[in-house]
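Scroll down for the structure; my scribbles are underneath it.
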Amino acid sequence: LFLITALLPVVESLGFSSELLGRTSGAATAPQLSFSHWDVVEVSPFWRPTTVDEREEMGESYSTYNTDRTTNLARRHIDDVRRRKGLLVEEKVVVDAEK
């Protein structure tokens, strides 16, 4: 018998029970998730480098669409919730294409 205690964001806990039971082929007992605390994500989901110093520090690639979406934790959580609720998410379907 194993008892695992962990903290995970509510956004990532959705579907956790069914996925855990599926991956363990039902060997795991029903996980009991309980709320622990609120915590603020320190990064702004809408931040982009604007000054020359910020662009030099973060790199030009950070200001591109895809890099910002994958590295910014707050932005990723917002996009995941919007997808789950069926709301519009600004996504580029085609990144590079040739005619």
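Quick one: which of VAL89, VAL81 is at pLDDT 80 or above, in a loop (DSSP other than H, G, I, E, B) and surrounded by 11 or more Cβ atoms within 10 Å (Cβ to Cβ)? So that I can check it myself, show each step before the final result.
Values: VAL81 fails: in a loop (DSSP other than H, G, I, E, B).
Result: VAL89 is the single residue among VAL89, VAL81 that is at pLDDT 80 or above, in a loop (DSSP other than H, G, I, E, B) and surrounded by 11 or more Cβ atoms within 10 Å (Cβ to Cβ).
Restricting attention to segment 1-34, the residues that are among the aromatic types (Phe, Trp, Tyr) and under 19 Å from the mean Cα position of the chain (by Cα) total 1.
Restricting segment 26-72 to residues that are in a helix (DSSP H, G or I) and of a type in the set (Ser, Thr, Tyr), the residue that is modelled with the highest pLDDT is THR71.
One residue is enough: does segment 11-20 have a residue meeting the conditions open to solvent by 100 Å² or more (accessible area, probe 1.4 Å) and not in a loop (DSSP other than H, G, I, E, B)? Show your work before the answer.
Filtering segment 11-20 for residues open to solvent by 100 Å² or more (accessible area, probe 1.4 Å) gives none.
Within segment 11-20, not a single residue is open to solvent by 100 Å² or more (accessible area, probe 1.4 Å) and not in a loop (DSSP other than H, G, I, E, B).
Beta carbons closer than 6 Å, at least 6 apart along the sequence or on distinct chains, pair a first residue in segment 1-26 that is in contact (Cβ under 8 Å) with a residue 24 or more places away in the chain with a second that is among the charged types (D, E, K, R) and surrounded by 10 or more Cβ atoms within 10 Å (Cβ to Cβ) for VAL11/ASP80. Scanning segment 29-47 for residues that are within 10 Å of ALA74 (Cβ to Cβ) and either in contact with a Ser or Thr (Cβ under 6 Å, 6 or more places away or on another chain) or open to solvent by 100 Å² or more (accessible area, probe 1.4 Å) (or both) yields VAL40, GLU42, PHE46.
The values are calculated or read from the model by the stated rules, or taken from the named source; none is laboratory data. A quick note: this is a predicted structure, and the numbers were derived from the prediction, not measured. Using ideal geometry, Cβ is built from the backbone for each residue, glycine included, and neighbour counts are taken over all protein chains shown. Ligands, DNA and RNA are excluded from the accessible area calculation, which covers all protein heavy atoms including side chains. Shrake-Rupley method; radii C 1.70, N 1.55, O 1.52, S 1.80 Å.
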